[in-house]
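Scroll down for the structure; my scribbles are underneath it.
The values are calculated or read from the model by the stated rules, or taken from the named source; none is laboratory data. Note that the coordinates shown come from a computational prediction; the quantities given were computed from them, not determined experimentally. Using ideal geometry, Cβ is built from the backbone for each residue, glycine included, and neighbour counts are taken over all protein chains shown. Note: areas computed on protein heavy atoms with side chains; ligands, DNA, RNA excluded. Shrake-Rupley method; radii C 1.70, N 1.55, O 1.52, S 1.80 Å.
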Amino acid sequence: MDERRVALVTARVAAATDADLPPLMQALADVGLAPEAACWDDAAVDWSRYRLAVLRSPWDYVPRYEEFLEWLTRVEQMTTVLNRPEVVRWSTDKRYLRDLAADGVPVVPTTFFEPSDPRPQVHQLPAGLEGGSDLVVKPVVSAGSKDTMRHSSPSAALDHVHALLAAGRAVMVQPYQDAVDGYGETGLVYFDGIFSHAFRKGPILGRDAAPTDEFFAPEEIAARDPSAAERAAADVAIAASPPDLLYARVDLVPSADGAPVVLELELAEPSYFVSVAPESAGRFAECVAARLT
Ligand SMILES: Nc1ncnc2c1ncn2[C@@H]1O[C@H](COP(=O)(O)OP(=O)(O)O)[C@@H](O)[C@H]1O
Ligand SMILES: [Mg+2]
């Protein structure tokens with residue numbers, strides 16, 4: 001086996017759209033590794049040829065979740081998968097927000113519904129924030145804002161919840177965090193537990209707008225210098241996460257009182273948005289190289 005060979009795991013649908021893939025491949029080559037992009041579901045790939053398989057953009061796992069989890073279990077017998085498969089299993093199901101909250105991490109208040117629960121009633125929905133803000137409904141296994149919608153009407157939100165539950169999907173409901181409309185969300189990227197860079201993501205959900213029918217909802221990304229409060233909140237989320245993460249991303253939004261809270265913790269297949277901090281590719285590559293020594 002070529003000891004330098006590293007797989008960046010992607011998907012056919014993402015190979016052309018994952019903007020991080022080319023700069024990360026280049027940065028890995030620059031530190032003397034032999035990177036290859038490989039699609040997770042490509043039966044022709046022999047995963048045992050790689051020292052390391054780094055999940056990069058296997059972004060079609062959501063509608064194929066069982067198949068993806070089986071793939072993870074199979075491939076971890078053949079090579080080292082990073083982040084570790086047990087972390088990926090935990091982090092691809094947004095019920096991890098419950099675990100973070102139990103550990104004292106400030107998160108967006110979330111109500112969960114399971115397909116096995118009695119049919120939810122409207123009074124079980126969160127009340128929205130003061131002033132009756134909108135409600136966001138999303139499946140607990142979701143990415144790219146797929147099947148996610150912001151509702152101004154509780155009864156429409158409830159219909160959405162029922163439809164997802166009927167499709168066998170566990171569901172979460174959150175008050176829409178109104179500050180997202182102006183300030184946006186802040187994503188903080190860490191490599192080996194060390195803060196690398198941050199970005200702003202603009203608002204995505206229009207009020208009562210149907211969920212995206214694209215593979216991913218379009219995102220508006222820019223560099224952002226995070227506030228001290230954001231750095232501290234993200235550090236708390238990382239400290240409450242499983243140890244030894246090659247990469248991590250914490251997405252924060254301002255809550256009603258302005259304090260940052262976790263919207264999402266991305267330990268499986270996050271975009272790093274290298275373009276907002278080009279030197280971050282080199283930091284990632286150094287961390288990967290260190291895993292091989
Ligand atoms: N509670 C919320 N308040 C405001 N915006 C939200 C909320 N939940 C989701 N969104 C919007 O929907 C997008 C997708 O939701 P998110 O929880 O990040 O899941 P994913 O990125 O995995 O699809 C976010 O980037 C944000 O714009
Ligand atoms: Mg997100």
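One residue stands out among those in segment 272-282 that are open to solvent by less than 20 Å² (accessible area, probe 1.4 Å) and of a type outside the set (A, V, I, L, M, F, W, C): the one that is nearest to VAL141 (Cα to Cα), which is TYR272. The strands (runs of 3 or more DSSP E) falling completely within segment 89-180 that include 2 or more residues that are surrounded by fewer than 18 Cβ atoms within 10 Å (Cβ to Cβ) map to 111-113. Only one of the numbered conditions (1) in a loop (DSSP other than H, G, I, E, B); (2) over 22 Å from PRO58 (Cα atoms); (3) not small (Gly, Ala, Ser) is not met by LEU245, and that is (2). Restricting attention to segment 1-58, the residues being under 20 Å from SER275 (Cα atoms), modelled with pLDDT under 95 and of a type outside the set (Val, Ile, Thr) number 3. Within segment 55-64, identify whether any single residue is open to solvent by 50 Å² or more (accessible area, probe 1.4 Å) and either in a helix (DSSP H, G or I) or touching a residue at least 24 places away in the same chain (Cβ under 8 Å) (or both), and answer yes or no. Within segment 55-64 (the criterion being open to solvent by 50 Å² or more (accessible area, probe 1.4 Å) and either in a helix (DSSP H, G or I) or touching a residue at least 24 places away in the same chain (Cβ under 8 Å) (or both)), the answer is yes, since at least one residue qualifies.
Only one entry in ALA289, ALA210, ALA285 is loosely packed, with under 15 Cβ neighbours inside 10 Å and either basic (Lys, Arg) or over 19 Å from the mean Cα position of the chain (by Cα) (or both), namely ALA210.
Table: residues versus (1) surrounded by fewer than 13 Cβ atoms within 10 Å (Cβ to Cβ); (2) at pLDDT 95 or above; (3) within 21 Å of ARG84 (Cβ to Cβ).
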| site | (1), (2), (3) |
| --- | --- |
| ALA217 | no, no, no |
| ILE221 | no, yes, no |
| ASP225 | yes, yes, no |
| ALA229 | no, yes, no |
| ALA240 | no, yes, yes |
| LEU246 | no, yes, yes |
| PRO260 | no, yes, no |
| LEU263 | no, yes, no |
| GLU269 | no, yes, yes |
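Scan segment 254-264 residue by residue and report those that are more than 10 Å from ligand 2 (Cβ to nearest atom) and touching a residue at least 40 places away in the same chain (Cβ under 8 Å). Full working, then the answer.
Taking segment 254-264 first, the residues more than 10 Å from ligand 2 (Cβ to nearest atom) are 254-262.
Within segment 254-264, PRO254, SER255, ALA256, GLY258, ALA259, PRO260, VAL261, VAL262 meet the criteria.
Which one of PRO115, PRO139, PRO175 is more than 30 Å from VAL288 (Cβ to Cβ) and out of contact with any helix residue (DSSP H, G or I) (no Cβ under 8 Å at 6 or more places or on another chain)? Steps first, please.
Values: PRO115 fails: out of contact with any helix residue (DSSP H, G or I) (no Cβ under 8 Å at 6 or more places or on another chain); PRO139 fails: out of contact with any helix residue (DSSP H, G or I) (no Cβ under 8 Å at 6 or more places or on another chain).
The unique qualifying residue is PRO175.
Test ARG169 against the criterion of being touching a Lys or Arg at 6+ places or on another chain (Cβ under 6 Å) and either more than 12 Å from ligand 1 (Cβ to nearest atom) or under 30 Å from ALA277 (Cβ atoms) (or both), and give yes or no. For ARG169, the condition - touching a Lys or Arg at 6+ places or on another chain (Cβ under 6 Å) and either more than 12 Å from ligand 1 (Cβ to nearest atom) or under 30 Å from ALA277 (Cβ atoms) (or both) - is not met. Screening PHE113 with (1) over 28 Å from ARG64 (Cβ atoms); (2) of a type outside the set (Val, Ile, Thr); (3) under 26 Å from the mean Cα position of the chain (by Cα) gives one miss only, at (1). Among residues that are assigned to a helix (DSSP H, G or I) and either free of Cβ contacts under 8 Å to residues at least 12 places away in the same chain or out of contact with any His (no Cβ under 8 Å at 6 or more places or on another chain) (or both), ILE238 is included.
Here LEU24 clears all of (1) assigned to a loop (DSSP other than H, G, I, E, B); (2) in contact (Cβ under 8 Å) with a residue 60 or more places away in the chain except the condition numbered (1). Filtering segment 65-86 down to residues that are over 23 Å from GLY168 (Cα atoms) and of a type in the set (A, V, I, L, M, F, W, C), which residue is most open to solvent (accessible area, probe 1.4 Å)? By that ranking, first place goes to MET78.
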